[in-house]
Amino acid sequence: MTTARTVLTIAGLTLREASRRRVLIALAGLTVVLLALSGWGFSRLAAEYGGSALTSGEARLTASIVLNLVMFGFSLIAALGTAFLAGPTLSGETESGIALAVLARPIRRSAFLLGKWLGLVAFGSGFVVLAGLAQCLVVRVTVDYWPPQPAAALALLAAQTTVLLTLALLLSTAISPMASGVVAVGLFCTTWVAGVVGGVGEGLGNDAVARVGDVSRMLLPTDGLWQGAMHAFQDPSVFVTFGGADVAAFPFLSTAPLTVAYLGWAALWVAMVWGLAAVSFGRKDL
Amino acid sequence: MTAADTTVGQGDGLRGAARLVAGLPPAPAVWCSGLRKRYGRHQAVQDVSLEVARGDVVGLLGPNGAGKTSVIKMLLGLVRPDAGEVLLLGRPATDPAARACVGYLPELFRYQPWLSAVEVLALHVRLSGIDVTAQDQRACLSLVGLADRAGHRVGGFSKGMQQRLGLAVALVARPELVVLDEPTSALDPLGRVDVRDIVLALKERGVAVLLNSHLIGEVERVCDRVVILDRGRVAASGTLAELLGQRELRLQLTGLSPAAEARLRAAGKIERAGDWFTLALPADHDGAAVPDLVRDLAALGARVHAVEPARISLEERLLGILREGSAARSADGR
């Protein structure tokens, strides 16, 4: 059997698993709740300040901040969903014995892992892109704000999800399903907090504190990609309203777009962690 | 010599080599040599070598923790051996393609609970890379008694039904080798008979089977050869005739003259309990030995009331081998 066919078969199986497990219903439920709440919130925003209370610039700034805040909620849901799906789908299958019959077929473990990864990437990315797009439409309808680069922003959110699920996949080759999910989400949150601390350091002009964010973004690129996504969601006029240092200190605004070098690093990071996962899974006794 | 002559010469050589290879018997279904595996401080498998010929049914026996499942998993590439080589159907087991014609029912049988039985089979057919029609897949489910549950989710199956599904998964992609690890552990007596019939049908079709089972009676009924593992080593192996070679004969005799008793002793080792004599016949005795003995005993004046063939069961032989191994280890320990 060709490797490509194995990869596609396993990717399809992973998507089917995601669609038939309760995780999809839970995700759909959470998304609808978040969309409805944000729709209500944005409509209230428009109703309260719809008159002459806010200038158009202030309105766009407010919309940008709240949109980034809600998008962070989606990225957190995606992180939780994929991390807790990636763990059970790999280490859960090896623990329960489901993987025994599958891996005794004429397939390479690396092809099996690539199929799992691809299926999870499709699922996680599909979720954030669809939910994010729905959110953008909600904002458009309620407060008439449309992000400057929605496609880039949604792609970066998908990339962030990919980074986290690749990490969860690596962890699930070595530790138990639940532990791999908890550790992956824990690291995701830690990196985000480190990014906020770094932003505060930048705002205060404290290089040592600012470096905390830089280092954490290199170690786990989720927060870096999230910063890029926020930048693409927010209105460019925020810099006029806020000073650059104030933007850096605010957790739901971003100062600069992502560099190509950082995107390259994120891609390399995913490839390296995936490679480690393949080596770890290839050596595992089932 | 011209280049054309060289080409012709090489062509003849290749054809000759091809004829030579075609004339060779097919490689064994399973061949492994010097398999070793250590888990932490525990040496689970040490220096195991075994062979399953094409079309043979080989039973793998041994107590719990003997290393049977570890050996099976090493054969299938699921566990990496610390040392040793494995060939499956003539190809190194390190090449996944070696498993193209191998069916496997694991001891820990679990299948995707979110799929239906027919979807599980379709998945395995696709992964095996072999074309099997939907009709044949359904036929496979019928064979294991799951025809009426084909569309049901596996998550709702009982353990016995999941094991039956596992059997269908092992059989669906037209295997040349089937590895069954405890295939009847969750089955009722009827299910066990079904498994026995399936193994016998595979044997008839020339499919090799490696069967790990605690049900020694089943192994004895269906296997051509048996490999007994004890503490990670091969304690004994051979055909059933070789392992159970010692046959016994029970005779009830009265009026035994010294000459008749001498004749009896000449036939083999005897144990006496009242009028009953148990005679251990040599493994290589011919079919005439027993009627000749009875005729001679009658001619020498003995009254022959009963002649019963007795056979050492595989269970007795297995226990004997394991006890011998245990006694030898105790002696070494001292």
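The values are calculated or read from the model by the stated rules, or taken from the named source; none is laboratory data. None of the values given here were measured: they were computed from a predicted structure. Virtual Cβ from ideal backbone geometry, glycine too; neighbours counted across all protein chains shown.
Descriptive notes on the structure:
- Here residue B:250 fulfils each of the conditions (1) exposed (fewer than 13 other Cβ atoms within 10 Å of the Cβ); (2) more than 26 Å from the chain's Cα centre (by Cα) apart from (1).
- Residue within the range A:239-255 that is within 14 Å of chain B (Cβ to nearest Cβ), modelled with pLDDT of 70 or more and out of contact with any Gly (no Cβ under 7 Å at 6 or more places or on another chain) present: no
- Complete set of residues in the range B:51-73 that are out of contact with any Lys or Arg (no Cβ under 6 Å at 6 or more places or on another chain) and assigned to a strand (DSSP E or B): B:51, B:52, B:59, B:61
- Some residue of the range B:136-151 being in contact with a Ser or Thr (Cβ under 8 Å, 6 or more places away or on another chain), farther than 18 Å from residue B:199 by Cβ and free of Cβ contacts under 8 Å to residues at least 60 places away in the same chain: yes
- Within the set B:150, B:186, B:173, the sole residue that is of a type in the set (A, V, I, L, M), in contact with a Lys or Arg (Cβ under 9 Å, 6 or more places away or on another chain) and closer than 23 Å to residue B:28 by Cα turns out to be B:173.
- Set A:235, A:223: member being more than 21 Å from residue A:130 (Cβ to Cβ), modelled with pLDDT of 85 or more, among the acidic types (Asp, Glu) and crowded, with 17+ Cβ neighbours inside 10 Å: A:223
- Matching residues in the range B:120-130 - criterion: being more than 8 Å from every other protein chain (Cβ to nearest Cβ) and either buried (at least 19 other Cβ atoms within 10 Å of the Cβ) or within 19 Å of residue A:22 (Cβ to Cβ) (or both): B:120, B:121, B:125
- For the condition under 18 Å from residue A:262 (Cβ atoms) and modelled with pLDDT under 85, residue A:194 does not qualify.
- Note on the range B:97-109: residues that are part of a loop (DSSP other than H, G, I, E, B) and surrounded by fewer than 19 Cβ atoms within 10 Å (Cβ to Cβ) amount to 2.
- Any hit, the range B:58-77, residues being under 23 Å from residue B:241 (Cα atoms), of a type in the set (Lys, Arg) and either away from chain A (no Cβ under 14 Å) or surrounded by 23 or more Cβ atoms within 10 Å (Cβ to Cβ) (or both): yes
- Among the residues listed as A:102, A:121, A:141, the single one being assigned to a helix (DSSP H, G or I) and farther than 30 Å from residue B:173 by Cβ: A:141
- Residue in the range B:74-85 that is out of contact with any His (no Cβ under 9 Å at 6 or more places or on another chain), under 30 Å from residue B:187 (Cα atoms) and either acidic (Asp, Glu) or part of a strand (DSSP E or B) (or both) present: no
- Note on the range B:204-323: enclosed helices (runs of 4 or more DSSP H) holding 2 or more residues that are closer than 30 Å to residue B:53 by Cα are B:216-222, B:240-243.
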